[in-house]
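Enquirer: To start, I am sharing the structure in question, which I have written as structure tokens.
The values are calculated or read from the model by the stated rules, or taken from the named source; none is laboratory data. Quick caveat, the model's predicted, so the values are computed rather than measured. Positions of Cβ are backbone-derived with ideal geometry, glycine not excepted, and every protein chain shown enters the neighbour counts.
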Amino acid sequence: MRHRPSLLAVSAGLIAASLARGAEIELLSVEKIWDQGRHNAFTDLLRWHDKWYCVFREAEAHVGGDGQIRVLESPDSKSWASVALISEEGIDLRDPKLSVTPDDRLMIVAGGSVYKGTKNLIGRQPRVCFSRDARQWTPTQRILSEGEWLWRVTWHKGVAYGVSYNASTRHGKDAQDAAKSPQPAPPGPADWKLSLFSSRDGVHYDLITHLDVPGQPNETTLRFLEGDEMIALVRREGGNTFGWIGSSKPPYTRWEWKETKHRLGGPNFIQVPDGSLWAVSRQYPGKTALGRLTRDSYEPLLVLPSGGDTSYAGMVFHDGILWVSYYSSHEGKSRIYLAKLRLPVTPPK
């Protein structure tokens, strides 16, 4: 099935306001690339073998039901085809994230939640699957242990690194009851464990260390800078809810942390060729925003056309352009969008 996106009618006033906030950031276009599911959300984006790939969850609603992973492919970012639909009976496959393994296979890591027809989380365990052509995927395979959620992995020098959170390890609560309860734990130091893992095959993982981040830390993206420095961008749901930025050098057991001034949702970031860092996150109460990131701060600069249920972006820098996939419900039901932006970056010499 092929789907031709329609160019959003973004008002001149919205573009002007966005550019005023975003300084020299230029919003080139925003296109809807998929809306055929009832609820389309939680995207990621990758360029592989000169083609574009976008993955996301299709389900009945934001929470509950048995979510499936849709895989879209495009040769030119304009015409998109659905090439795979990944499912597991009785499991809500959530937040799929794409990466490429050292042996040049596509890899998806996703949450595997169990709701059994309710809105209450009964259990969860991460899943992975692999493909050599984006069409045929290995069966979803459980990784780590019950209660974990490995939200994203980043490959670096042949090793996959990722951060998992586990609400069943809350301090002062029975682990089994906490895993079944949808209620958040009270704020405080190390409400539950945030764990840094590594893997050489994407299936078997070794614990590197626990990250002592307070305030119910959860969704975390990792990237690597010069000298193998690891940077972490962490969402927090407790305390003041402001996101944290961490940095660490090998072997990644000692970390320095800075608190941002913003609440994060679905945080993602990349480094572009001039060395600058750019992040996309939900901007509460319901927008998707792009901003500059440093080891010390995150500052949103431009709001993408979005609203309501939104965010969870994929990011690729290609041909001097930042490509951002995200979902939003500002036009009714939640749909998948692709934005192209020109950043104020230093051209390569």
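Enquirer: Examine the stretch 102-114 for a residue that is farther than 22 Å from residue 159 by Cβ and at pLDDT below 95, and state whether such a residue exists.
Expert: Yes.
Enquirer: Moving on. It is to be established whether one or more residues within the stretch 233-255 are of a type in the set (Phe, Trp, Tyr) and modelled with pLDDT under 95. First the steps, then the outcome.
Expert: Step one: of the stretch 233-255, the residues of a type in the set (Phe, Trp, Tyr) are 242, 244, 252, 255.
Subsequent filtering for residues that are modelled with pLDDT under 95 retains none.
No, the stretch 233-255 contains no residue that is of a type in the set (Phe, Trp, Tyr) and modelled with pLDDT under 95.
Enquirer: A further question on this structure: Taking into account only those residues within the stretch 67-100 that are surrounded by fewer than 18 Cβ atoms within 10 Å (Cβ to Cβ) and not in a strand (DSSP E or B), which is nearest to the chain's Cα centre (by Cα)?
Expert: 87
Enquirer: Do you know which of the residues in the stretch 40-66 that are of a type outside the set (A, V, I, L, M, F, W, C) and part of a strand (DSSP E or B) is farthest from residue 323 (Cα to Cα)? Walk me through it before giving the result.
Expert: Kept after step one, since they are of a type outside the set (A, V, I, L, M, F, W, C), are these residues of the stretch 40-66: 40, 43-44, 47, 49-51, 53, 57-58, 60, 62, 64-66.
Narrowing further to those that are part of a strand (DSSP E or B): 40, 43-44, 47, 51, 53, 57-58.
Values: 40: 19, 43: 13, 44: 11, 47: 10, 51: 13, 53: 12, 57: 19, 58: 22 Å.
Within the stretch 40-66, the match that is farthest from residue 323 (Cα to Cα) is 58.
Enquirer: Of all residues being assigned to a strand (DSSP E or B) and free of Cβ contacts under 8 Å to residues at least 40 places away in the same chain in the stretch 196-224, which is surrounded by the fewest Cβ atoms within 10 Å (Cβ to Cβ)? Just the residue, please. So that I can check it myself, show each step before the final result.
Expert: Step one: filter the stretch 196-224 for residues assigned to a strand (DSSP E or B), giving 196-199, 206-211, 217-224.
Checking which are free of Cβ contacts under 8 Å to residues at least 40 places away in the same chain leaves us with 198, 206-207, 210.
Details: 198: 17, 206: 10, 207: 12, 210: 13.
Filtering first and then ranking leaves 206.
Enquirer: Further question on the same structure: Sort out which residues of the stretch 252-287 are polar (S, T, N, Q) and buried (at least 21 other Cβ atoms within 10 Å of the Cβ), and write them in order of number. Break it down into steps so the answer makes sense when it comes.
Expert: The first filter runs over the stretch 252-287 and keeps only residues polar (S, T, N, Q), leaving 253, 260, 268, 271, 276, 281, 283.
Across the stretch 252-287, the qualifying residues are 260, 268, 281, 283.
Enquirer: When the stretch 60-77 is examined, which residues are found to be at pLDDT 95 or above and not small (Gly, Ala, Ser)?
Expert: The answer is 68, 69, 70, 71, 72, 73, 75, 76.
Enquirer: Return the total of residues in the stretch 295-320 being in contact (Cβ under 8 Å) with a residue 40 or more places away in the chain and surrounded by fewer than 15 Cβ atoms within 10 Å (Cβ to Cβ).
Expert: Qualifying residue count for the region: 4.
Enquirer: In the stretch 277-311, what count of residues is obtained for those that are part of a loop (DSSP other than H, G, I, E, B) and under 14 Å from the mean Cα position of the chain (by Cα)? Walk me through how you get there before you give the answer.
Expert: Here is the first cut: in the stretch 277-311, the ones part of a loop (DSSP other than H, G, I, E, B) are 284-286, 294-297, 305-310.
In the following step, the residues that additionally are under 14 Å from the mean Cα position of the chain (by Cα) were identified as 310.
Residues that pass the stated criteria total 1.
Enquirer: Still on this model: Restricting attention to the stretch 130-143, does a residue exist that is touching a Pro at 6+ places or on another chain (Cβ under 7 Å), at pLDDT 95 or above and crowded, with 17+ Cβ neighbours inside 10 Å?
Expert: Yes, some residue in the stretch 130-143 is touching a Pro at 6+ places or on another chain (Cβ under 7 Å), at pLDDT 95 or above and crowded, with 17+ Cβ neighbours inside 10 Å.
Enquirer: Which members of the stretch 234-247 meet the condition of being surrounded by fewer than 24 Cβ atoms within 10 Å (Cβ to Cβ) and either of a type in the set (Asp, Glu) or touching a residue at least 60 places away in the same chain (Cβ under 8 Å) (or both)?
Expert: The one that is surrounded by fewer than 24 Cβ atoms within 10 Å (Cβ to Cβ) and either of a type in the set (Asp, Glu) or touching a residue at least 60 places away in the same chain (Cβ under 8 Å) (or both): 237.
Enquirer: Still on this model: Among the numbered criteria (1) at pLDDT below 95; (2) of a type outside the set (Ser, Thr, Tyr); (3) within 18 Å of the chain's Cα centre (by Cα), which single criterion is violated by residue 117?
Expert: Tallying (1) at pLDDT below 95; (2) of a type outside the set (Ser, Thr, Tyr); (3) within 18 Å of the chain's Cα centre (by Cα), residue 117 fails exactly one: (3).
Enquirer: Could I ask something else about it? Here are 47, 21: which of them is surrounded by fewer than 18 Cβ atoms within 10 Å (Cβ to Cβ), modelled with pLDDT of 95 or more, of a type outside the set (Ser, Thr, Tyr) and closer than 17 Å to residue 280 by Cβ?
Expert: Numbers: 21 fails: modelled with pLDDT of 95 or more.
Of the residues listed, the single one that is surrounded by fewer than 18 Cβ atoms within 10 Å (Cβ to Cβ), modelled with pLDDT of 95 or more, of a type outside the set (Ser, Thr, Tyr) and closer than 17 Å to residue 280 by Cβ is 47.
Enquirer: So which residues in the stretch 63-94 are touching a Lys or Arg at 6+ places or on another chain (Cβ under 7 Å), more than 16 Å from residue 142 (Cβ to Cβ) and among the charged types (D, E, K, R)?
Expert: 73
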